[in-house]
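Note sheet for the following structure.
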Amino acid sequence: MKTLILTPNFLFIRKLESISVLNDEEKQAIQALSIKTVSLKADQDILKVGDHPTQCCLVVDGFICAYKLTSEGKRQILSLYIPGDIPDLESLHLSYLDINIASITPCILGFIEHDDVLRLCELHPRLTAVLWRETLVSASITREWLLNNGQRHAYNRIAHLICELLVRLDAVGLAPHKTFDMPVTQVELADATGMTQIHMNRVLQSLRLDGLISSHKNQITVNDWEKLKETGEFDPLYLHLVA
């Protein structure tokens, strides 16, 4: 299954509609936004700590991450971003970034000038609340990641992460039949969940052997959704999706 690449503006609308209700006028205004697309290879830094961006970055295709490094160069992935996400939305109001943002896979990014976003919010004030809601949802996901990585056993931790990615991708129409592209390496998953690569490999094998998931190349299929949710203690409440 090849990932369906949606137009940046339509994807932006679909993402916001997953967490709020937009009226026709608001959707038309977003559709009219100027979004410049750029293709990147995997493992490229997009933004770094201390940068002063003047654009917001929309993920159009592929996976990207936010990460920080220790003084010894050890990496902690703090967030995974999928198509529709805007990982640097806070740059609208913060003068510099305190995280690094990088591509995990080959990806397509859409860049929207800050001035255009601010003008959009000025002309359509309710969109300010929608974007604020998106920022709050991102913070809610971070809190869940802290709990997941800090308190759940490795097997349950990865089950939870797979549940989250499935639901988030499904919300933007990219997880048909409980199947989704997962082009994230085991090293990157380990950096995101505080595990070694060897331990990560064993956990994924166990999830497959137990019949919860199956995988083929860069795709994961959830075979037993109810069991996977139970294993990961997954409750999508923290994603605040529109029912």
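When all C-alpha to C-alpha distances in the chain are sorted into bins of 10 Å, what percent of pairs does each bin hold, rounded to whole numbers? In whole percents, the pair-distance histogram is 7, 32, 38, 19, 5, 0.
Reducing the range 55-102 and the range 180-232 to their Cα centroids gives an inter-centroid distance of 23 Å.
Please state the relative contact order of the chain as a whole percent: Cα pairs under 8 Å, 6+ residues apart?
On the way: 396 pairs, mean separation 54.3, N = 243.
That works out to 22 percent.
Take each complete run of DSSP H in the chain, measure how far its Cα atoms stretch along the helix's own axis, and keep only those covering 15 Å or more with mean Kyte-Doolittle hydropathy at least 1.0; list them. Helix filter hits for the chain: none.
Give me the compactness ratio for the range 8-146, meaning the Cα radius of gyration over 2.2 N^0.38 Å.
Working: Rg = 14.8 Å, N = 139, 2.2 N^0.38 = 14.3 Å.
Scaled against compact globular proteins, the figure is 1.03.
Under 20 Å of direct C-alpha separation, and excluding same-chain neighbours fewer than eight residues apart, residue 27 reaches these lysines: 15, 36.
For 121, 56, the sequence from fewest to most other C-beta atoms within 10 Å is 121, 56.
Suppose we flag trypsin sites (Lys or Arg not before Pro) only when DSSP calls them loop and at most 10 other Cβ atoms lie within 10 Å. Which is the longest uninterrupted stretch of the chain?
Details: sites that count: 2, 41, 74, 217.
That gives 75-216 as the longest site-free run.
Bear in mind these aren't lab numbers, they're just calculated from the coordinates by the rules spelled out. A quick note: this is a predicted structure, and the numbers were derived from the prediction, not measured. Cβ coordinates were reconstructed from backbone atoms using ideal geometry, including for glycine residues, and neighbour counts include every protein chain displayed.
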